[in-house]
Amino acid sequence: MKARDLERYAGLFASRTRVMKSSAMRDLMAITARPEVISLAGGLPDTSTFPPDTFAAVATRIAAEECAKALQYGPTEGLGETKECIAQVMEAEGMRADPQDVIVTTGGQQVLDLVTKTLIDPGDVVIAEGPTYPGAVPVFSSYQADVVQIDMDAEGMRVDLLEETLDRLERDGRRPKFVYTVPSFQNPAGVTLSLPRRRRLVEVAHERELLVLEDNPYGLLRYEGEPPPPLYSLDGGVYVMYLGTFSKILSPGIRLGWVVAPPPVIEKINLGKQAADLCTSTLSQLMVRAYFEQGRWRDYVDSLVELYRSRRDTMLDALADHFPPQAEWTRPGGGLFIWATLPEFIDTTDLLARALRDNVAFVPGEAAFLDGRGRSSMRLNFSGCDEQQIREGVRRIGEVVTEQVALYGTLTGRERPAAPQADSREPELARVLRLPRRAERARRAGGP
Amino acid sequence: MSRVSVLKGGRSLERQVSLRSGARVEDALERLGHQVVAIDVDLDLIARLREARPDLAFVALHGPDGEDGTVQELLEILGIPYTGSGVLACVRAMDKVLTKHLLLEAGLPTPEFFAFSQTAFRDLGAADALGAIEERLDFPIVVKPAGQGSALGIKFARTAADVPAALVAAFSYDSRVLLERHVEGRDLGVSLLAGEPLPVVEAVPRDEDFYDFEARYEIGRTDFLCPAELPAAVTERAQELALRVFELLGLYGFARVDLMLDSAGELYVLEANSIPGLTDTSLLPQAAEAAGIGFDELVGRMLELAAARAPA
């Protein structure tokens with residue numbers, strides 16, 4: 001007998017499932033999976049460039065040397081040899097962690113879940129960036145966290161606003177449990193937290209005895225410039241917990257991430273992980289170890305950097321060519337995403353419905369907020385599609401946006417609804433999350 | 001028993017809702033002893049129907065293509081009897097503008113409205129008429145796409161300044177939109193089965209200020225009261241009104257008519273749905289349940305009605 005009827009089970013659900021809701025937006029996103037749709041919505045790395053020979057060699061070696069071990073359970077905290085690989089990745093970003101403080105997890109997403117499970121009672125405050133990683137939203141919701149989002153600009157989270165918020169919460173007698181941040185090439189905004197703000201954020205954490213969860217999946221995917229130090233290295237692992245992942249530098253399919261946290265916290269996380277899944281896949285851990293022993297993991301990351309830099313440039317060019325002057329977007333120095341903001345009269349969830357008719361998709365900005373903001377913004381991914389698709393996808397979205405801008409102009413009796421921004425506007429003056437589009441174009445064309 | 005193809009999914013924005021409706025229908029049909037072939041509607045629809053050779057098609061699609069007469073037309077061409085209303089009634093019900101004009105002509109109450117196509121703005125300077133509309137409709141007004149079955153794209157305009165953005169949103173879904181006076185009051189749904197009105201359902205949003213698309217399909221966001229707690233005379237009028245709409249549009253088998261009851265006790269027809277949802281939180285199954293008709297029996301009756309209409 002099939003048993004799909006919800007009412008049979010509705011009375012049995014925990015109250016927390018009430019907030020684990022499906023939504024119109026999620027229903028729309030389900031349509032984006034169709035093959036004819038150019039999806040700039042996903043956050044997918046391009047795994048097609050990974051050499052199948054390497055995969056075969058790694059798998060063959062495990063079969064020959066460690067078959068029984070690969071098929072067996074492992075320790076909850078992860079294999080020592082995997083932690084050595086993690087140490088290499090962290091060292092590449094200027095960090096050193098005691099292997100005792102590291103737990104190997106089933107992807108970075110599990111870290112989010114475990115940290116929230118460890119720290120949050122229903123109603124507790126979590127501080128996040130606004131916009132925040134859309135995948136963190138269901139995690140925070142499922143633990144019934146009260147999420148307070150801090151505005152961002154071109155230098156990342158406004159730490160001054162964070163301090164104001166912390167003061168306000170303190171006056172209300174509320175103490176946030178942790179600050180969740182993606183400081184480098186933030187998902188979805190694409191911006192990077194500046195060094196002064198990194199320093200200040202770590203100071204604030206120390207002053208207020210506040211934990212910070214630094215989520216750093218994209219740090220090594222840097223397309224230009226020098227990396228600022230991670231929060232973890234500035235703090236020395238006292239208040240900053242670190243989330244790393246192999247998803248963007250190797251493969252999301254192997255589901256391997258890690259968390260570094262102070263020993264008392266890591267102990268609790270360990271217990272939480274034991275309950276969740278006993279241990280991370282031993283097979284995946286050994287594959288990573290075998291792969292790292294070939295000694296070429298940095299070469300592969302370098303090849304991804306080349307690939308994604310070129311795709312990012314293609315997307316920036318396409319945006320300049322096809323989006324109307326009223327649109328603005330970030331110019332990320334790394335990572336996978338561009339955040340575009342349209343005039344406020346455009347609702348990007350409605351726009352997605354329209355764009356899907358033209359077989360193109362993006363993530364509506366509301367997915368990155370828990371408070372209904374972000375409705376005129378969108379997240380665009382440039383890592384998962386080839387350049388021809390990026391150009392065509394952006395062209396299609398631009399056409400729909402242009403159509404809506406023109407319609408709005410007609411409706412309000414203003415053919416040109418917003419005055420173009422002054423070309424002389426300095427990015428540092430702008431101090432906004434988005435760069436002026438006309439300035440961008442003028443710069444590329446060598447003049448206005 | 002019969003071979004039944006359940007048509008579900010498709011490309012509509014209501015795809016997920018349709019998949020949920022379809023899954024429940026499949027289960028019910030199997031429990032009733034029918035042979036079920038589920039078809040997620042796509043480019044190969046005709047080929048799959050020819051291969052399946054069903055005695056009947058159960059149309060569990062929502063939104064454009066499934067609910068607007070398109071699929072019904074194809075089923076007519078293939079000579080496959082199907083559940084629910086025929087092509088013409090689907091066309092009338094899917095198009096809110098057409099529905100409302102028919103209601104006006106028949107003297108049935110519906111909130112005052114004006115409808116526009118995108119070309120009216122683009123080619124005929126209709127924006128110049130917006131001021132006149134704003135004078136004639138009291139705010140807030142509701143702006144809706146003409147042919148979207150769900151609440152997607154429906155926006156409130158509290159002042160004249162909200163109207164242009166609301167129109168832009170509505171035009172994301174359809175090339176025609178309508179601006180309608182907002183009736184403040186209670187949100188009622190009257191479902192009909194075999195031309196008989198079922199108990200009235202009232203949708204009471206829990207904390208939203210607008211009964212939105214998301215709340216409609218979620219347990220926990222909206223409370224459904226069935227039968228709605230209404231004076232007997234109001235219930236009777238609502239059911240009678242729904243029946244007149246059903247007949248006026250030429251609907252067949254089953255349907256749902258959405259009404260508003262204002263504080264003065266006046267009823268207004270908002271729209272009719274030729275293929276209302278059949279999910280766990282949908283109004284038609286709840287209304288049937290309140291009338292003592294379980295889901296399996298409901299699905300069975302829908303199928304019988306389809307067979308009864310089929311040419312011998």
*Sorted by packing (mean other beta-carbon atoms within 10 Å per residue), highest first, where do A:220-227, B:243-250 land?*
B:243-250, A:220-227
*Which ordering of B:HIS34, B:HIS101 is given by a fewest-first count of other beta-carbon atoms within 10 Å?*
B:HIS101, B:HIS34
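Per-residue Cβ counts within 10 Å, from other chains only, averaged over A:338-348: what number is that? Please report the intermediate quantities before stating the final value.
On the way: counts 0, 0, 0, 0, 0, 2, 1, 7, 4, 7, 1.
Across the residues of A:338-348, the mean count of other-chain Cβ atoms within 10 Å is 2.
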*Would you work out the charge dipole size for the range B:4-71 about its Cα centre, treating the Cβ of every Lys and Arg as +1 and the Cβ of every Asp and Glu as -1, and quote it to the nearest 20 debye?*
120
_Neighbour counts of other C-beta atoms within 10 Å: give me B:VAL257, B:VAL183 arranged from fewest to most._
B:VAL183, B:VAL257
*What is the fewest-to-most order of B:ASP40, A:ASP321 by other Cβ atoms lying within 10 Å of their Cβ?*
A:ASP321, B:ASP40
*How much mean residue ellipticity at 222 nm does chain A get from its helices, if each DSSP H run of length 4 or more adds -39500 (n - 2.57) and you divide by all residues, to the nearest 500 deg cm²/dmol?*
-13500 deg cm²/dmol
*Report the calculated FRET efficiency for B:LEU124 and B:GLU51 (r = Cβ-Cβ distance, R0 = 45 Å), to the nearest 0.05.*
0.40
*Residues with amide H under 5 Å of B:VAL6's amide H, sequence separation 5 or more or different chain, H placed in the peptide plane at 1.01 Å from N; which?*
B:VAL37, B:ALA38, B:ILE39, B:PHE58
_Gain on full stretching of the segment that runs from B:GLU304 to B:PHE156 - 0.36 nm per residue minus C-alpha separation_ = 49.2 nm
*Per residue of the range A:349-354, in order, report the coupling 6.51 cos²θ - 1.76 cosθ + 1.60 (Karplus, θ = phi - 60°) as ³J(HN,Hα) in whole Hz, putting x for Gly and Pro.*
6, 5, 4, 4, 4, 5
*asked:* Just checking the output field for B:168-176: average partner chain Cβ neighbours within 10 Å of each residue's Cβ?
replied: 6
*Take chain A, drop everything but the C-alpha atoms, weight them equally and run the Debye formula without solvent; then report log10 I(q)/I(0) at 0.11 Å⁻¹ to two decimals.*
-0.92
*First check a/c for the range B:3-83, with a ≥ b ≥ c the square roots of the eigenvalues of its C-alpha gyration tensor; if it is under 1.5, answer rounded, and if not, answer prolate when a/b is larger than b/c or oblate otherwise.*
oblate
*Hits among lysines - C-alpha to C-alpha of B:LYS100 under 22 Å, sequence gap 8 or more where chains match*: B:LYS144, B:LYS155
*Would you mind telling me the antiparallel percentage of the DSSP bridges in chain B, rounded to 5?*
75
*asked:* Going 7 Å from the Cα of A:GLU91 along its beta-carbon direction, which residues of the range A:264-297 have the amide nitrogen within less than 13 Å of the resulting point?
replied: A:293, A:295
*Report, in debye and to the nearest 20, how large the dipole of the range A:123-274 comes out about its Cα centre when Lys and Arg carry +1 and Asp and Glu carry -1 on their Cβ.*
520
*Extent along principal axes [Cα atoms of chain B; Å; largest to smallest]*: 59, 48, 36
*Describe numerically, in nm with one decimal, the distance between label points set 7 Å from Cα along Cα→Cβ at A:GLN144 and at B:GLU196.*
4.4
*About its Cα centre, how strong a charge dipole does chain A have in debye, to the nearest 20, once Lys and Arg get +1 and Asp and Glu get -1 at the Cβ?*
840
*Using every Cα-Cα pair within the protein assembly as shown, state what percent have a distance larger than 41 Å.*
40
*Normalised convex hull volume, the range B:94-196, alpha-carbon set, Å³ per residue*: 117
*Which lysines have a Cα less than 25 Å from the Cα of A:LYS117, not counting those fewer than 8 places away in the same chain?*
A:LYS21, A:LYS83, A:LYS177, A:LYS248, A:LYS268, A:LYS273
*Run the quick spin-label model on A:ARG199 and A:GLN389: label points 7 Å from Cα toward the beta carbon, then report their separation in nm to one decimal.*
4.3
*Identify which of A:ILE269, A:ILE397, A:ILE62 has the largest mean-square fluctuation in a Gaussian network model of chain A, with springs joining Cα atoms closer than 10 Å.*
A:ILE62
*Just going by the charge dipole of the protein assembly as shown, with Lys and Arg at +1 and Asp and Glu at -1 on Cβ, which of A:GLN274, A:TYR180, A:TYR300 is farthest out on the positive end?*
A:TYR300
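Give the calculated FRET efficiency between A:GLU81 and B:ARG31 to the nearest 0.05, with a Förster radius of 41 Å applied to their Cβ-Cβ distance. Can you show the working numbers first?
On the way: r = 54 Å, r/R0 = 1.32.
After rounding to 0.05, the efficiency reads 0.15.
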*Over the range A:60-135, consider all pairs of different Cα atoms and compute the Kirkwood hydrodynamic radius from their mean reciprocal separation; express it in Å, one decimal.*
15.4
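Using only atoms on other chains, find how many Cβ atoms lie within 10 Å of each Cβ of peptide B:14-21 and report the average.
That average works out to 3.
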*What does the highest-first list of B:297-308, B:190-201 look like by mean Cβ count within 10 Å?*
B:190-201, B:297-308
*Provide the FRET efficiency to the nearest 0.05 for the B:LEU104-A:GLU170 pair, computing r from the beta carbons and using R0 = 51 Å.*
0.30
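No value in this document is a laboratory result; all are computed from the given coordinates. Note that the structure is a prediction, hence the values are computed from the model and not measured. Note that we place each Cβ from the backbone using ideal geometry, even for glycine, and neighbour counts take in every protein chain shown.
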